[in-house]
Amino acid sequence: MIRLLQSKVSDRRPRLRRDFKCSPLLVFYEVTQACDLVCQHCRACAQTRSHPAELKTDDSLQLIDQLTEFPSQPMLVLTGGDPLKRADIFQLVEHATRAGIGVSITPSATPLVTPAAIGRLREAGIARIAISIDGADAATHDATRGVPGSFDRSLQILTAARTAGIPTQVNTTLTPANLAQIESLAEILAHLGIVMWSVFFLVPVGRARDLPRLSADECEMAFARLWRQAQRQPYAIKTTEAPHYRRYVIQHQISQADGCDRTATVGFVPAGVNDGKGVMFVSHTGLVHPSGFLPIVCGAFPREHVVDIYQNSPVFRALRDADKLAGKCHFCEFRHLCGGSRARAYAVTGDAFAAEPDCAYQPDGVS
Ligand code: SF4
């Protein structure tokens with residue numbers, strides 16, 4: 001039944017809310033690699049000290065100014081490392097906010113996140129604070145983060161930020177170690193008043209290179225469970241590096257739809273972001289990548305303008321063309337809406353255009 005309905009999806013392109021060829025939706029700026037935590041799955045292989053070639057304050061302000069030149073303003077996510085290891089972080093937030101850019105921040109759950117720091121972030125205009133929680137209990141989370149007490153501190157930070165009036169988000173990396181805790185964690189988050197739960201599907205880069213990740217079938221089951229939670233929880237749920245969740249949701253919606261034109265459902269699903277498509281990452285030294293999980297260097301700020309890199313880099317442009325995908329993703333009717341994680345394809349195969357390694361879907365005619 002679902003297979004029949006999927007054939008109606010054909011190659012229809014989604015209606016875009018913004019033109020990802022011109023403007024990203026999200027720009028991640030890794031303000032530093034310095035961090036006091038030693039998380040198992042750290043993409044950045046964060047260190048205790050910042051790199052000597054880290055972009056200084058003036059360069060960082062110039063980078064923010066360049067972001068205002070995109071035709072549509074992106075959302076800026078200040079990440080790391082731990083952004084609070086930078087003394088000028090409040091200045092960067094304020095500068096971006098005054099320029100009309102919405103700013104989120106992903107501080108590490110350390111003693112640096114004091115009530116005073118939260119207050120300064122609020123005064124600087126921060127739009128959202130995102131904190132990582134990787135398990136429904138302290139034992140699971142602290143084992144991942146490498147620091148005892150990290151779970152309790154994360155909960156305290158989320159509560160303090162919410163009390164200060166700052167919208168909060170929780171980031172969770174899903175692994176075999178916490179897969180059984182989706183429902184229990186979802187319930188905990190419901191009591192924290194968050195606005196968004198972002199569930200990361202592991203990409204084997206950085207310190208996560210040798211960690212076990214979910215199989216394709218486990219991803220599919222996780223999608224179903226996340227979708228059920230999305231129907232009942234008061235906060236939004238999105239996935240990161242799992243665009244095939246969109247394929248799952250669309251399949252589910254089509255199978256549930258009644259009425260004649262079931263394909264209409266697909267037409268109104270906005271295209272999600274993917275590595276290089278709606279997403280750009282600027283490293284602590286100014287190197288520009290399609291995402292933080294896809295370490296292909298496409299340009300270098302400040303030598304090059306970040307708008308030019310995003311719009312014209314051959315790698316960025318190719319990543320936005322779903323017809324350039326290889327393997328089963330090339331033949332998949334969901335390729336414009338999904339396209340698979342390009343970062344995971346690159347990490348696993350060395351080819352950023354290879355088929356998504358962790359997708360269970362088999363397009364018609366692909367064995
Ligand atoms: S085959 Fe590729 S494009 Fe199709 S749903 Fe899976 S990951 Fe997405």
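No value in this document is a laboratory result; all are computed from the given coordinates. As the structure is a computational prediction, the values presented were derived from the model and not from experiment. Virtual Cβ from ideal backbone geometry, glycine too; neighbours counted across all protein chains shown.
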Subject >> Karplus (6.51, -1.76, 1.60) ³J(HN,Hα), θ = phi - 60°, over region 212-229, in Hz, Gly and Pro reported as x >> reply: x, 10, 5, 6, 4, 5, 5, 4, 4, 5, 5, 4, 4, 6, 5, 5, 4, 5
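What ratio of Cα Rg to 2.2 N^0.38 Å holds for the chain?
Ratio of Rg to 2.2 N^0.38 Å for the chain: 0.96.
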**OP:** Give me the percent of Cα-Cα pairs in region 109-197 that sit more than 22 Å apart, rounded to a whole number.
**Re:** 24
Subject >> With Cα atoms, 0 to 90° folded angle of helix 150-163 axis to the chain main axis >> reply: 90
Original post:
Taking R0 as 35 Å, what's the FRET efficiency between Thr48 and Ala318 from their Cβ-Cβ distance, rounded to 0.05?
Top reply: 0.40
Original post:
Just from the alpha-carbon atoms, what are the Rg and Dmax of region 90-144 in angstroms?
Top reply: 13.7, 42
Original post:
Please state the relative contact order of the chain as a whole percent: Cα pairs under 8 Å, 6+ residues apart?
Top reply: 20
Original post:
For the chain, what is the calculated [θ] at 222 nm in deg cm²/dmol (nearest 500), taking -39500 (n - 2.57) for each run of four or more DSSP H residues and dividing by its residue count?
Top reply: -10000 deg cm²/dmol
Original post:
Which whole-percent values make up P(r) of region 139-244 when all C-alpha to C-alpha distances are grouped in 5 Å steps starting at zero?
Top reply: 2, 11, 21, 24, 21, 14, 6, 1, 0
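Could you order peptides 229-235, 91-97 by the average number of other Cβ atoms within 10 Å of their residues, highest first?
Listed from highest to lowest mean packing, they are 91-97, 229-235.
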Original post:
In what sequence, highest mean first, do 205-213, 153-161 appear when ranked by Cβ atoms within 10 angstrom?
Top reply: 153-161, 205-213
Original post:
Under 20 Å from the Cα of Lys56, which lysines turn up, not counting those fewer than eight places away in the same chain?
Top reply: Lys85
Subject >> Mean projected area (nm²) of the alpha-carbon convex hull when region 130-180 is viewed from all directions >> reply: 3.4
**OP:** Just round it to a whole percent: the fraction of Cα-Cα distances in region 38-193 exceeding 20 Å.
**Re:** 52
Subject >> When the convex hull of its Cα atoms is projected in every direction, mean area for region 53-115 (nm²) >> reply: 4.6
Subject >> Among 282-291, 347-356, 111-120, the order from most to least packed when residues are scored by Cβ within 10 Å on average >> reply: 282-291, 347-356, 111-120
**OP:** Sort Lys328, Lys56, Lys85 so the one with the fewest other Cβ atoms within 10 Å of its own Cβ comes first.
**Re:** Lys56, Lys328, Lys85
Subject >> Cα-based reach from Lys21 at 28 Å (exclusive), listing lysines while leaving out same-chain residues under 8 positions away >> reply: Lys8, Lys238, Lys277, Lys324, Lys328
Subject >> Potential extension, Ala87-Ala216 segment - 0.36 nm per residue separation minus Cα distance >> reply: 42.2 nm
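At a 10 Å Cβ-Cβ cut-off, how would you order Trp197, Trp227, fewest neighbours first?
Trp227, Trp197
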Original post:
Once the other residues with Cβ under 11 Å from the Cβ of Ala160 are scored (Lys, Arg +1; Asp, Glu -1), what is the net sum?
Top reply: +3
